[in-house]
Structure formats: C-alpha cells, structure tokens
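Visitor: The structure's right below; bear with me while I get my questions together.
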Amino acid sequence: MSVELEVPAAAGAVVEWRQVRPPRGPREQSAAGRRAASAALAAAGSADRAVPRAPDGRPRFPSGFPGSISHTESVAVAVVVPGAASVGVDVESADIGPRVTAFVLRARERRMLLPPAGEYTPRELFAAKEAAFKAMSGLGVAGEFLFWQAELSPAGGELIASYRDAQVRVQVRSSAELSFALAIRW
C-alpha cells in the first residue's frame, strides 16, 4: 500500500503501512496493524514476526526489535527500529477541535507551537504526544502517565517531548489527510 506522506528518516527505522479492510471496525484496524508490524519485523531482519498483546494490551515486539503500531479507520502503520530502547508511532486522520486542543495542549504549548508563532496543527501535536507517550511508556510510570502530560517544545524542526526527567525527540510529518509522528528513545 502506498501512503502519500514523507516519513521522517531515522537510523535503521523500518516503516510499513497497511490498508484497513472493510468494515473497518476495531478488529480490522487491529489486524491491519499486526500485518504492518509483521512486515516491518521481516524487513528489519527479525526471524520472529509475531506481535502478541502484552497484559496491558500494548503490542509486544520481539527482543531486539522494538516497535510501535498505530491506525486510523482506513490505514495502519508499524515502525520497527532495531537497536533503539523504545519506539512510539502515531497516525491521525481526524481534525482536532478547539476543546480537545485546549485539553491536550498546555497554554504555553499552544502559544509556542500553533500559528501564528508556531508551525504545527493541533492534529500534528496530538499525534506527537501519542507517539512520545508510547516511546516513554516503559519508564515505570505507565499507571500514572497519561499521554497529554508530555510537554512539547520546539527543537530545530523537531519536537522534544518531556515528562518528569525523561525526554524523547519527536518527528512529525503531515499530508492533507494524515499526520504521522515518530518518537525513538536510544
């Protein structure tokens, strides 16, 4: 499947997209994500291509091949980065309205990152926080760390997501239909 979106370059990152099959419900979205993950693992050189669910519901990638999965109603993406500590990916197609924007983004983030001072859309920043959350969720605070608590700051064409003493760089790309965010912890 071809998604018309320039994905950020990251050392060793393997990105695979899959279309969600009709009727495009949660079961089909999850299956598309697992197909994308299996393809990404194969392309990254993993002999193990299964991605079972961990007890908390998150995908559990094979040792040495950290990855992440995300999906919308129509498309799923998986990213595997051998050698990384953790990976977070998010893809969003929905518009993020003013109420959700005000809830998810702190006033400082809205002032710095949204127009006119910033260059990001609410959808891109929502995706960035989701990707950062996934990459940072192994910090031992999963029960109390909620994705909107990550704080975003600009960093030379990328974003830095911070929560407590942890930080992760987040790259964001968008098309008219999708926003894609990738966070990798080394």
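Visitor: Where Lys and Arg each count +1 and Asp and Glu each count -1, what net charge lies around SER137 among other residues with Cβ under 14 Å from its Cβ? Intermediate results must be reported in sequence, preceding the final value.
Guide: On the way: positive: ARG58, ARG60, LYS129, LYS134, ARG164, ARG185; negative: ASP56, ASP90, GLU130, GLU144.
Cβ neighbours under 14 Å give a net charge of +2.
Visitor: Work out the length of the dipole vector of the chain about its Cα centre, built from +1 on the beta-carbon of each Lys and Arg and -1 on the beta-carbon of each Asp and Glu, and round it to the nearest 20 debye. Could the numbers behind the result be given before it?
Guide: Numbers: 22 positive and 19 negative charges, 83 e Å.
Dipole magnitude for the chain comes out near 400 debye.
Visitor: Please report, in debye to the nearest 20, how large the charge dipole of segment 91-185 is about its Cα centre when each Lys and Arg carries +1 at its beta carbon and each Asp and Glu carries -1 there.
Guide: On the way: 12 positive and 11 negative charges, 39 e Å.
So the magnitude is around 180 debye.
Visitor: To continue, here is another question. Calculate for the chain the 222 nm mean residue ellipticity that helices alone would give, adding -39,500 (n - 2.57) per DSSP H run of length 4 or more and normalising by residue count, nearest 500 deg cm²/dmol.
Guide: That comes out to -8000 deg cm²/dmol.
Visitor: Fewest first, what order do TRP186, TRP148 take by the number of other Cβ atoms within 10 Å? Please list the in-between numbers first.
Guide: Details: TRP186 10, TRP148 15.
Fewest-to-most ranking of TRP186, TRP148: TRP186, TRP148.
Visitor: Assuming 0.36 nm per residue, please report the length gained on full extension of the stretch ARG53 to SER175 beyond their Cα-Cα distance.
Guide: Details: separation 122, 0.36 × 122 = 43.92 nm, distance 3.03 nm.
Stretched fully, the ARG53-SER175 segment lengthens by 40.9 nm.
Visitor: Hey, fewest Cβ within 10 Å first, where do TYR120, TYR163 land in order? Kindly include the intermediate steps, with their values, before the conclusion.
Guide: Working: TYR120 22, TYR163 19.
By the 10 Å Cβ count, ascending, the order reads TYR163, TYR120.
Visitor: In what sequence do GLU158, GLU109 fall when counting other Cβ within 10 Å, fewest first?
Guide: On the way: GLU158 16, GLU109 23.
Placing the least packed residue first, the sequence is GLU158, GLU109.
Visitor: In percent, how large is the relative contact order of the chain, given Cα pairs closer than 8 Å and 6 or more residues apart?
Guide: Working: 396 pairs, mean separation 38.1, N = 186.
It comes to 20 percent, rounded to a whole number.
Visitor: Could you work out the local net charge near LEU159, counting Lys and Arg as +1, Asp and Glu as -1, over the other residues with Cβ closer than 13 Å to its Cβ?
Guide: Values: positive: LYS129, ARG169, ARG173; negative: ASP90, GLU109, GLU119, GLU124, GLU130, GLU151, GLU158.
Value of the local net charge: -4.
Visitor: Moving to a separate point now. Taking 8 Å as the Cα distance limit and 6 or more residues as the minimum spacing, I'd like the relative contact order of segment 14-85 as a percentage.
Guide: Working: 147 pairs, mean separation 28.2, N = 72.
After rounding, I find 39 percent.
A short reminder: the numbers here are calculations on the coordinates, not readings from a lab. Treat the numbers as computed from the prediction; the structure is a model and nothing was measured. Note that each Cβ is placed from the backbone with ideal geometry, even for glycine, and that neighbours are counted across all protein chains shown.
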